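Q: Provided herewith is a single structure, encoded as structure tokens, for subsequent inquiry.
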Amino acid sequence: MMQPMLPAMINGADVMGMTVVGYDVDGAALMKRAAHPAQARQLLGLHQPHWRGMPGGAPGLNLPTENRKFLPLEPDTQGGIFTAVTDRIRFRARPQLAFLGERLFIDPVKIGTAALATRVRASTFAVGTTSQLVELGNIGLDKFNSQALDVNMKMDRVEPGGLIILDIFLVGPAFTPGTDSINLSGGVEILGRSIG
């Protein structure tokens, strides 16, 4: 008894000009001259499934991976520690996957009386050559601490190896050498989606 001839491969995949259209009782392949996929479906009376053309394909298939991950920004000088002689440090990152930042985290450890009264600000925040600010100017970074709510943003996408820059400086009283410091080493991160 012969099984109905249903195509094993509807998308036009063929071997030497032939397409498998089914199998007989013994398991031998039933071959037919390869046709254009739409013609093959029409000849066999088949219709495309309802999910064809939906984002992600068939139900249950995953879309290309998008994972929420942290991207640490590394300091260029002083290991990210502001002292009486360092009041400006550039932080940068070069992600190894395409990355779309959504939330900036700044966790300064302030030591000393002058440090407690000092504000942490940024003069440059750029993804590649594109500023993430809508106007030139400085922004306060104290609002981006880990307890802050509703400070999400949609940053521009950076491709693998692209540069993210955050220039941080201090505004406040002068630091006493050996007494006051603000430590940002390991405390500047961007939460976002790595794509790939």
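The values are calculated or read from the model by the stated rules, or taken from the named source; none is laboratory data. Because the structure is a prediction, the values reported are computed rather than measured. We place every Cβ from the backbone using ideal geometry, glycine too, and count neighbours over all the protein chains shown.
Q: Residue under question is Ala114, and the condition is that it be on the phi < 0 side of the Ramachandran plot and modelled with pLDDT under 90; does it hold? Give the steps one after another, and end with the answer.
A: Values: on the phi < 0 side of the Ramachandran plot: yes; modelled with pLDDT under 90: no.
Considered against the rule, which asks whether it is on the phi < 0 side of the Ramachandran plot and modelled with pLDDT under 90, Ala114 comes out as no.
Q: Any idea which residue in segment 73-107 is farthest from Thr130 (Cα to Cα), counting only those that are under 14 Å from the mean Cα position of the chain (by Cα) and of a type in the set (A, V, I, L, M, F, W, C)? Don't jump to the end; show me each part of the working.
A: Taking segment 73-107 first, the residues under 14 Å from the mean Cα position of the chain (by Cα) are 93-104.
Cutting the leftovers down to of a type in the set (A, V, I, L, M, F, W, C) gives us 93, 97-100, 104.
On the way: Ala93: 15, Leu97: 18, Ala98: 16, Phe99: 15, Leu100: 13, Leu104: 16 Å.
For segment 73-107, the residue satisfying everything is Leu97.
Q: For the subset of segment 154-172 comprising residues that are surrounded by 14 or more Cβ atoms within 10 Å (Cβ to Cβ) and aliphatic (A, V, I, L, M), which member is farthest from Ala98 (Cα to Cα)? Give the derivation first.
A: We begin by selecting, within segment 154-172, every residue surrounded by 14 or more Cβ atoms within 10 Å (Cβ to Cβ); these are 155-158, 162, 164-170, 172.
Within this subset, residues satisfying the condition of being aliphatic (A, V, I, L, M) are 155, 158, 164-166, 168, 170.
On the way: Met155: 12, Val158: 6, Ile164: 12, Ile165: 16, Leu166: 18, Ile168: 24, Leu170: 31 Å.
Within segment 154-172, the match that is farthest from Ala98 (Cα to Cα) is Leu170.
Q: Specify which of the listed residues (Ala84, Ala93) is at pLDDT 90 or above, assigned by TED's automatic domain parsing to the domain that holds Ile190, buried (at least 16 other Cβ atoms within 10 Å of the Cβ) and of a type in the set (Gly, Ala, Ser). Explain how you work it out, then say what you get.
A: Values: Ala84 fails: buried (at least 16 other Cβ atoms within 10 Å of the Cβ).
Just one listed residue meets the conditions, Ala93.
Q: Here is a list: Ser146, Ser185, Ser131. Which entry is touching a helix residue (DSSP H, G or I) at 6+ places or on another chain (Cβ under 6 Å), at negative phi and small (Gly, Ala, Ser)?
A: Working: Ser146 fails: touching a helix residue (DSSP H, G or I) at 6+ places or on another chain (Cβ under 6 Å); Ser131 fails: touching a helix residue (DSSP H, G or I) at 6+ places or on another chain (Cβ under 6 Å).
Every option except Ser185 fails the conditions.
Q: Within segment 98-121, how many residues are part of a loop (DSSP other than H, G, I, E, B) and either of a type in the set (Lys, Arg) or buried (at least 16 other Cβ atoms within 10 Å of the Cβ) (or both)?
A: Count: 3.
Q: Given the criterion in contact (Cβ under 8 Å) with a residue 24 or more places away in the chain, of a type in the set (Ser, Thr, Tyr) and farther than 22 Å from Asn67 by Cα, identify the matching residue among Ser146, Ser131, Ser194, Ser185. Even if it seems obvious, please write down each step before you answer.
A: Values: Ser146 fails: farther than 22 Å from Asn67 by Cα; Ser131 fails: in contact (Cβ under 8 Å) with a residue 24 or more places away in the chain; Ser194 fails: farther than 22 Å from Asn67 by Cα.
Checking each option against the conditions leaves just Ser185.
Q: Still on this structure, please answer the following. Only one of (1) in contact with a strand residue (DSSP E or B) (Cβ under 8 Å, 6 or more places away or on another chain); (2) touching a residue at least 60 places away in the same chain (Cβ under 8 Å) is not met by Ala174, so which one is it?
A: The failed condition is (1).
Q: Which pairs have Cβ atoms under 6 Å, sit 6 or more apart or on different chains, and link a residue in segment 73-92 that is under 13 Å from Val188 (Cα atoms) to one that is acidic (Asp, Glu)?
A: Pairs found: Arg90/Asp76; Arg90/Asp167.
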